[in-house]
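The values are calculated or read from the model by the stated rules, or taken from the named source; none is laboratory data. Keep in mind the model is a prediction, meaning the values are calculated, not measured. A quick note on method: Cβ atoms are made from the backbone with ideal geometry, for glycine too, and the neighbour counts reach across all protein chains shown.
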Amino acid sequence: MTDKYQHVEEYTPAFRATFVNVATPNTFDPDKPAYDLRALYPNLGNNDFSNLQWFYEMRQKCAQINSLIDANGAITCSAPDFADGNAANCFSNDTNEQYEGHKDHWWMKYRSGSNNGEPVPFGIVDINGQAVEASQIYPGIFLRGMLRMFPFNHPKFGLQIIMRMEHLQVVGYGEPFASVGGNISTSKVFEGAAPVVGLPAGVAQTSPVASAPPAQSGAASAPQAHPGPGSAPQAQPGPGSAPQAQPGPGSAPQASAAPTGQVLSPGQFVKEFNNATPAVEPTLTPLAGEHTLEQWRAVMNDDELRAKGIII
């Protein structure tokens, strides 16, 4: 029983997930299936563990409040620790290639809890607190979680400090890793492929949802290429005027605005996310209709959306 022990809870910094068993439990041990994932944190090198300090302070606090510290401040029982992503067990036995994302990273397995022996799925939300389906969590995504740490008297291994994580938040959409144990992302596999041929006429090769909100009539319709009465000046320049920043439909993103969903390197993303001041996401007004913020952002930046009264 763990009731007599005190638990410690902390938000983790952003991490990149791999070996994801979120939609279905990990059945490596068929007697103890569990929802779990592997969290990757950058290895800063030169014995610099500053980005992991939060974890060691949390572990020490858990041991301290449960009287599992000796006179020298050392923890007196088994306790979790990070593993080295450059170690031999992070290379495929089949190809001898290092698992994707592990190079120069530390890793830690986070698992959910159980109820009467049955694994409990992770609760998952996005950065706005909206529920996310477990099937949308993939290797390469950026997450953070609420980590719980407490002592547990294992019937075989004795007293030890263990961890559980029941809640996850999606904080960034990184480039997907290949299947577990692979060495190349699926998105890179097709880079050298020949152009697609043989599609029926009229079949689009890009998602219409990703490119722009579907056209609707009325005040809540998606933004059109031509302005309505009283609207702000459009991207089309007048005679002799300079080109405007607003792209036309289907044009490439402009350099003047950072594109939504930009994929950063793992180390850059984690550093920027953990050091950033939390941003307040804009709120959609009734003028947005049924379209999501992501759909509107695909065709306008936030300043233009505010100018048109679509967000506040």
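Restricting attention to region 45-55, report how many residues are in contact with an Asp or Glu (Cβ under 9 Å, 6 or more places away or on another chain) and closer than 12 Å to W106 by Cβ. Full working, then the answer.
Of region 45-55, the ones in contact with an Asp or Glu (Cβ under 9 Å, 6 or more places away or on another chain) are 45, 54-55.
In the following step, the residues that additionally are closer than 12 Å to W106 by Cβ were identified as 45, 55.
Of the residues in that region, 2 qualify.
Would you point out which residue out of N72, N116, N66 is crowded, with 16+ Cβ neighbours inside 10 Å, more than 22 Å from R144 (Cβ to Cβ) and of a type in the set (S, T, N, Q)?
Numbers: N72 fails: crowded, with 16+ Cβ neighbours inside 10 Å; N116 fails: crowded, with 16+ Cβ neighbours inside 10 Å.
Unique residue meeting the criteria: N66.
Got a sec? Which of Y5, Y41 is in a loop (DSSP other than H, G, I, E, B) and either within 17 Å of I162 (Cβ to Cβ) or at pLDDT 95 or above (or both)?
It is Y5.
Which is closer than 16 Å to M108 by Cβ, of a type in the set (S, T, Y) and surrounded by fewer than 17 Cβ atoms within 10 Å (Cβ to Cβ), of Y11, Y35?
Working: Y35 fails: surrounded by fewer than 17 Cβ atoms within 10 Å (Cβ to Cβ).
Going through Y11, Y35 in turn, just one is closer than 16 Å to M108 by Cβ, of a type in the set (S, T, Y) and surrounded by fewer than 17 Cβ atoms within 10 Å (Cβ to Cβ): Y11.
Condition check ((1) among the aliphatic types (A, V, I, L, M); (2) modelled with pLDDT under 85; (3) assigned to a loop (DSSP other than H, G, I, E, B); (4) under 27 Å from V22 (Cα atoms)) across all residues:
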{"position": "I124", "(1), (2), (3), (4)": "yes, no, no, yes"}
{"position": "I127", "(1), (2), (3), (4)": "yes, no, yes, yes"}
{"position": "M149", "(1), (2), (3), (4)": "yes, no, no, yes"}
{"position": "G174", "(1), (2), (3), (4)": "no, no, yes, yes"}
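Find all pairs meeting these conditions: Cβ atoms under 6 angstrom apart; at least six residues apart or on different chains; first residue within region 126-145 and on the phi > 0 side of the Ramachandran plot; second residue of a type in the set (D, E) and part of a loop (DSSP other than H, G, I, E, B).
From residues that are on the phi > 0 side of the Ramachandran plot, the pairs are G140/E175.
Quick one: would you say K103 is closer than 25 Å to P42 by Cα, assigned by TED's automatic domain parsing to the domain that holds N51, free of Cβ contacts under 8 Å to residues at least 40 places away in the same chain and of a type outside the set (F, W, Y)? Show your work before the answer.
Values: closer than 25 Å to P42 by Cα: yes; assigned by TED's automatic domain parsing to the domain that holds N51: yes; free of Cβ contacts under 8 Å to residues at least 40 places away in the same chain: yes; of a type outside the set (F, W, Y): yes.
Criteria met by K103.
What residue, of C77, C62, C90, is farther than 20 Å from V171 by Cα, in the same structural domain as E133 (by TED's automatic domain parsing), touching a His at 6+ places or on another chain (Cβ under 6 Å) and among the hydrophobic types (A, V, I, L, M, F, W, C)? Break it down into steps so the answer makes sense when it comes.
Working: C77 fails: touching a His at 6+ places or on another chain (Cβ under 6 Å); C62 fails: touching a His at 6+ places or on another chain (Cβ under 6 Å).
So the residue among C77, C62, C90 that is farther than 20 Å from V171 by Cα, in the same structural domain as E133 (by TED's automatic domain parsing), touching a His at 6+ places or on another chain (Cβ under 6 Å) and among the hydrophobic types (A, V, I, L, M, F, W, C) is C90.
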